[in-house]
Amino acid sequence: MAKILEDISRTFNEFLLLPNLTDERCIPSNVSLKTPLVKFKKGEEPKISANIPFVSAIMQSVSGEKMAISLAREGGCSFIYGSQAIESQAQMVRNVKKYKAGFIKSDSNVKENTTIREVIELIEETGHSTVMITEDGTSTGKFLGLVTDKDYRVSRLNLETPVSEYMVPKDKCVCAKKGISLHEANDIIWENKISCLPIIDEAGNLESLVFRKDYESDKENPDSLLDENKSFVVGAGINTRDYAERIPALVEAGVDLICMDSSDGYSVWQKNTIDWVRANYGDSVKIGAGNVVDKEGFYYLADAGADFIKVGVGRRFNLYNS
């Protein structure tokens with residue numbers, strides 16, 4: 001049976017997408033997904049843009065430092081969750097800013113008296129076949145040497161033997177000093193035909209590692225979102241209560257932009273927070289606001305001076321000033 005709809009009728013032409021002529025310029029390599037993250041004036045470049053249109057939610061289960069590094073490597077931006085102590089959130093931001101693409105913090109570290117059995121268990125746990133030996137067994141301890149699964153034969157040794165008997169000692173390792181560029185590190189790796197290059201600071205402590213396998217990975221991520229110092233761009237969530245203490249700590253840690261995390265952003269408390277930021281940092285700190293679900297809330301935060309606004313749940317609008 002036919003059904004009569006009490007609505008305005010539509011024609012096919014009203015829904016038809018007119019693609020126009022497809023010429024040789026219409027190829028994937030000419031497509032840019034670059035997206036402004038903060039408001040900007042017409043004719044000017046935005047202060048911060050993402051190379052892909054993805055940001056991660058300000059949630060403990062989503063946005064930690066690993067997500068921030070991974071998403072920035074792909075060209076997006078993560079907001080470190082604010083539901084934690086100020087010091088720990090600032091440290092997360094600091095860790096992301098200190099991370100250099102290609103320079104990896106070692107997560108497989110033991111003391112020289114650690115048994116081969118324990119080394120094998122660690123390799124199985126982390127999936128990494130290269131283990132650093134440091135004086136205190138940490139990723140930043142005094143570097144003593146390294147061992148890989150190629151330095152011993154499990155079937156022909158006593159598993160209780162200390163790793164010191166099989167490790168490659170520091171004086172036989174090819175190492176580099178802290179401050180070396182990734183390009184220089186890769187040159188050393190290829191010239192010496194090694195798979196891992198330990199980076200050591202002036203005190204002889206392990207700083208980071210550069211792996212041969214990461215060379216291609218770096219080449220595969222040309223859209224990484226970096227600041228002027230070649231560090232990953234990272235955001236952080238704040239609230240409207242302890243912002244006078246939290247924001248300075250985040251700024252000192254190097255955060256690139258902050259965003260208020262609230263289910264109801266149409267609030268005088270958010271305006272007060274923005275006013276405080278402008279009074280103390282001017283336009284140098286980029287701050288987002290929200291969430292809002294209607295035009296009144298959006299314009300309220302826009303007029304208050306927000307650099308971007310979250311609309312609804314998990315959505316965000318950018319502001320464009322004429």
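The values are calculated or read from the model by the stated rules, or taken from the named source; none is laboratory data. Remember, it's a predicted structure, so these values are computed and weren't measured experimentally. In this analysis, Cβ positions are derived from the backbone assuming ideal geometry, glycine residues included, and neighbour counts consider all displayed protein chains. For accessibility, only protein heavy atoms count, side chains too; no ligands or nucleic acids. Shrake-Rupley method; radii C 1.70, N 1.55, O 1.52, S 1.80 Å.
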Problem - Test set (1) open to solvent by 50 Å² or more (accessible area, probe 1.4 Å); (2) in contact (Cβ under 8 Å) with a residue 24 or more places away in the chain; (3) farther than 19 Å from Cys259 by Cα - Gly43 fails condition number - result: (2)
Exercise for the section: Tell me, please, whether a residue that is part of a helix (DSSP H, G or I) and on the phi < 0 side of the Ramachandran plot can be found in the range 107-116. Expected result: yes
Completion exercise
Of the residues in the range 141-166, those that are at pLDDT below 95, part of a loop (DSSP other than H, G, I, E, B) and under 19 Å from Asn113 (Cβ atoms) come to Asp151, Tyr152, Leu157, Asn158, Leu159, Glu160, Thr161, Tyr166
Exercise for the section: Name every residue in the range 65-81 that is open to solvent by less than 20 Å² (accessible area, probe 1.4 Å) and assigned to a loop (DSSP other than H, G, I, E, B), in order of residue number. Expected result: Gly75, Gly76
Exercise for the section: Evaluate the range 4-13: report whether one residue or more is of a type in the set (Lys, Arg), in a loop (DSSP other than H, G, I, E, B), modelled with pLDDT under 85 and farther than 29 Å from Val96 by Cβ. Expected result: yes
Practice task
Might you let me know whether the range 237-254 holds any residue that is charged (D, E, K, R) and touching a Gly at 6+ places or on another chain (Cβ under 8 Å)?
Solution key: yes
Fill in the blank from the handout: Checked the range 15-39 for anything closer than 22 Å to Gly290 by Cβ and touching a Ser or Thr at 6+ places or on another chain (Cβ under 9 Å); matches are Thr35, Pro36, Leu37, Val38
Fill in the blank from the handout: Within the range 226-251, residues being within 15 Å of Ser78 (Cβ to Cβ) and either part of a helix (DSSP H, G or I) or modelled with pLDDT of 95 or more (or both) number 7
Problem - Given (1) among the charged types (D, E, K, R); (2) exposed (fewer than 12 other Cβ atoms within 10 Å of the Cβ); (3) under 18 Å from Phe103 (Cβ atoms), number of the condition Arg156 does not satisfy - result: (3)
